[in-house]
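These notes concern the structure reproduced below.
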Amino acid sequence: MKEKNEIKVEPIETVEPIGKRVLIRKDEDKKQTKGGIQLPDNIEIPTITGRVVEISAEVESTPELPLRKYDKVLFNPKGAIPVDFEGDNRLFVVEVENVVAVFRKE
């Protein structure tokens, strides 16, 4: 028998950033240096690049902000808020000010 005050929690399907923020999927941490040296499992070179997977309505409607969905970006991880949405926990909500570069091919 169900209690009257029970609340059914639905699984989260999407995350939409609000304000001047974007949702970034962080790239995998590197396990090998560019020179080919294999790093031990307990040492990782922190990666601060990723792909923009969602942008807020405010960012989308502001032409001065050159961020688009699927852009590869360099961001400051200190200002990134982790989203506990997936098991690998590579999603982060990042303020636009913490995105420092966009990688594009001409």
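Computed from the coordinates by the stated procedures, all read-outs in this text should not be read as laboratory data. This structure is a prediction, so every number in the text was calculated from the model and none was measured. Quick reminder, even Gly has a Cβ in these numbers, built from the backbone with ideal geometry, and neighbours come from all protein chains shown.
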Handout entry: Relative packing of 56-68, 15-27, which averages over residues the other C-beta atoms within 10 Å, highest first
Key = 15-27, 56-68
Completion exercise
In whole Hz, the Karplus estimates of ³J(HN,Hα) for segment 15-20 (6.51, -1.76, 1.60; θ = phi - 60°; x where Gly or Pro) are 10, 10, x, 10, x, 8
